[in-house]
Amino acid sequence: MGIKLASSILSADFSRLGEEIRAVEKAGVDFIHVDIMDGHFVPNLTIGPAVVKSIRKITSLPFNVHLMINNPDEFIKPFADAGGDYITVHVEACKDLSKTIKDIKALGKKAGVAINPGTDISKLKQAYPNVDLILVMSVNPGFGGQEYIPHTLDKIKNIKKARDTLGLKFAIEVDGGIKVENIDKFSSAGADIIVSGSGIFHQKDYAAIIKKMKSIIG
Ligand code: DX5
Ligand code: ZN
């Protein structure tokens, strides 16, 4: 499996959300990354399950729902029902991570765990054997268009090392500050899925930029 590219719709033009998603799908992205923020876990607000349900109808691409919310357990089912394929919760927001992962899987969805730049990867240990995805945040979550934090590249490398030592198969996704100019750093570090928001949606020619990104990550 080659390295996959995900478009974060946080930086899309929300007045034309359907068209924006169709445009990146046509240009060849592999995932739609949907950022859910609650104004508590992060200092920003985005969308809820109703919007996810409505965009589910216009694309067949898998949805990677990134829950940047407190008490994620309350919202796993609504986002699963709305059409999320991967449901990713933050390790910092979970009271009983193993139970949350189990609950996501019981709904027939892939389970992801996200980790902030300031959180030590030892917090992920218990999750490794049960998750489908680890999401390494390369910025502090809350806003698109930030610069990536360099030490997060080591985090990707260390998580990959742990995965390979344990003989596990979960995917490693990375999110924040990734653009055509620096995407090679993240693919070389060992990411399997690379998210880009403003690096795609704030560019003039989506098709050209996506093609270039995909050719770099192989
Ligand atoms: C940040 C979000 C990211 C964001 C990435 O809190 O989780 O998914 O949309 O945007 P860029 O690629 O612009 O940093
Ligand atoms: Zn995200």
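Read-outs: derived from the displayed coordinates by stated rules, not from any lab. The structure displayed is predicted, hence computed values, not measured ones. Because the Cβ atoms are built from the backbone with ideal geometry, glycine has one as well, and the counts that use them run over all protein chains shown.
For the stretch 123-218, please list each of the strands (runs of 3 or more DSSP E) lying entirely inside it that holds at least 2 residues being under 28 Å from Thr46 (Cα atoms) and touching a Pro at 6+ places or on another chain (Cβ under 9 Å).
Ranges flagged: 133-137.
Restrict the check to the stretch 12-25 and report whether at least one residue is within 12 Å of the chain's Cα centre (by Cα), of a type in the set (Asp, Glu) and surrounded by 20 or more Cβ atoms within 10 Å (Cβ to Cβ).
No, the stretch 12-25 has no match at all.
Let me spell it out: the conditions are (1) surrounded by 18 or more Cβ atoms within 10 Å (Cβ to Cβ); (2) within 12 Å of ligand 1 (Cβ to nearest atom); (3) not aliphatic (A, V, I, L, M), and Gly190 meets all of them except one. Which number is the exception?
(2)
Out of the residues in the stretch 166-176 that are within 14 Å of ligand 1 (Cβ to nearest atom) and more than 12 Å from Ala189 (Cα to Cα), state the one that is surrounded by the most Cβ atoms within 10 Å (Cβ to Cβ).
Once the filter is applied, the top-ranked residue is Asp175.
State the number of residues belonging to the stretch 67-116 that are touching a Lys or Arg at 6+ places or on another chain (Cβ under 6 Å) and in a strand (DSSP E or B).
Result for the stretch 67-116: 3.
Counting just the residues of the stretch 108-165 that are in contact with a Leu (Cβ under 7 Å, 6 or more places away or on another chain) and within 16 Å of ligand 1 (Cβ to nearest atom), which one comes out nearest to Asn64 (Cα to Cα)?
It comes out as Gly112.
Pull up the stretch 117-131, narrow it to residues that are more than 14 Å from ligand 2 (Cβ to nearest atom) and closer than 30 Å to His202 by Cα, then point me to the one that is surrounded by the fewest Cβ atoms within 10 Å (Cβ to Cβ).
By that ranking, first place goes to Gly118.
Criterion first (more than 21 Å from Ile76 (Cα to Cα), within 16 Å of ligand 2 (Cβ to nearest atom) and among the basic types (Lys, Arg)) does Lys155 satisfy it?
Criteria met by Lys155.
Residue under question is Glu181, and the condition is that it be among the acidic types (Asp, Glu) and within 15 Å of ligand 2 (Cβ to nearest atom); does it hold?
Here the answer is no, as Glu181 does not meet what is asked.
Here are some residues: Val52, Val34. Which one is within 14 Å of ligand 2 (Cβ to nearest atom) and without any contact (Cβ under 8 Å) to a residue 40 or more places away in the chain?
Unique residue meeting the criteria: Val52.
Select from the stretch 94-116 the residues that are in contact with a Pro (Cβ under 9 Å, 6 or more places away or on another chain) and farther than 19 Å from Pro49 by Cα and write down the one among them that is surrounded by the most Cβ atoms within 10 Å (Cβ to Cβ).
Looking at residues that are in contact with a Pro (Cβ under 9 Å, 6 or more places away or on another chain) and farther than 19 Å from Pro49 by Cα, I get Ala114.
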